[in-house]
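Remarks on the structure that follows.
The values are calculated or read from the model by the stated rules, or taken from the named source; none is laboratory data. Remember, predicted model here, so these are calculated numbers, not experimental data. Cβ placement follows ideal geometry from the backbone for every residue including glycine, while neighbour counts extend to all protein chains displayed. The area values use the complete protein model at the heavy-atom level, side chains included, leaving out ligands, DNA and RNA. Shrake-Rupley method; radii C 1.70, N 1.55, O 1.52, S 1.80 Å.
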Amino acid sequence: MGIIITRVSADISLAKKNALNNPSKRALIERSNSRGSNLVEVQNEIERIFELSKSLQLVVLDCDTINHPSQLLKTSLNPILVYLQISSPKVLQRLIKSRGKSQAKNMNVQMVAAEKLA
């Protein structure tokens, strides 16, 4: 079994099932979204993730905008979520550092959040 790791820059938490299907909610989200991800971009990312998963390999998403799995609860990705626990703080620190300087500067916050999830 292989693993596919892919970077996701769109805010996929906006892909809530009812928001994508309801035109009035969709317009409200598009107007209020300050991150710059529009719903077309979000929908394209969701479709790309599903295409990657068709190979029946584990797809790991490296998301800029997702800080906790609960942000994806009402999205179409919910049925395929897998939670990984990284028990070694050193491994977690290396993973955070490998994502770049912008993530590394917030590492203390992420480490505290990881301890709370443990």
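Miscellaneous remarks
- Among the residues making up the range 3-36, those that are within 16 Å of the chain's Cα centre (by Cα) and at pLDDT below 55 are Arg35, Gly36.
- The residues of the range 68-89 that are open to solvent by 70 Å² or more (accessible area, probe 1.4 Å) and not aromatic (Phe, Trp, Tyr), listed by number, are His68, Leu73, Lys74, Pro79, Ile80, Val82, Leu84, Gln85, Ile86, Ser87, Pro89.
- Members of the range 46-67 that are polar (S, T, N, Q) and open to solvent by 50 Å² or more (accessible area, probe 1.4 Å): Ser55, Gln57, Asn67
- Pairs, first within 18 Å of Val8 (Cα to Cα) and part of a helix (DSSP H, G or I) in the range 68-88, second open to solvent by 90 Å² or more (accessible area, probe 1.4 Å) and of a type in the set (Lys, Arg), C-beta under 7 Å, six or more apart: none
- Every residue from the range 44-67 that is modelled with pLDDT of 85 or more, closer than 17 Å to Leu14 by Cα and of a type in the set (S, T, N, Q): Asn44
- Hits in the range 90-118 - residues which are open to solvent by 80 Å² or more (accessible area, probe 1.4 Å), part of a helix (DSSP H, G or I) and farther than 23 Å from Ala10 by Cα: Lys90, Arg94, Asn108, Glu115, Lys116, Leu117
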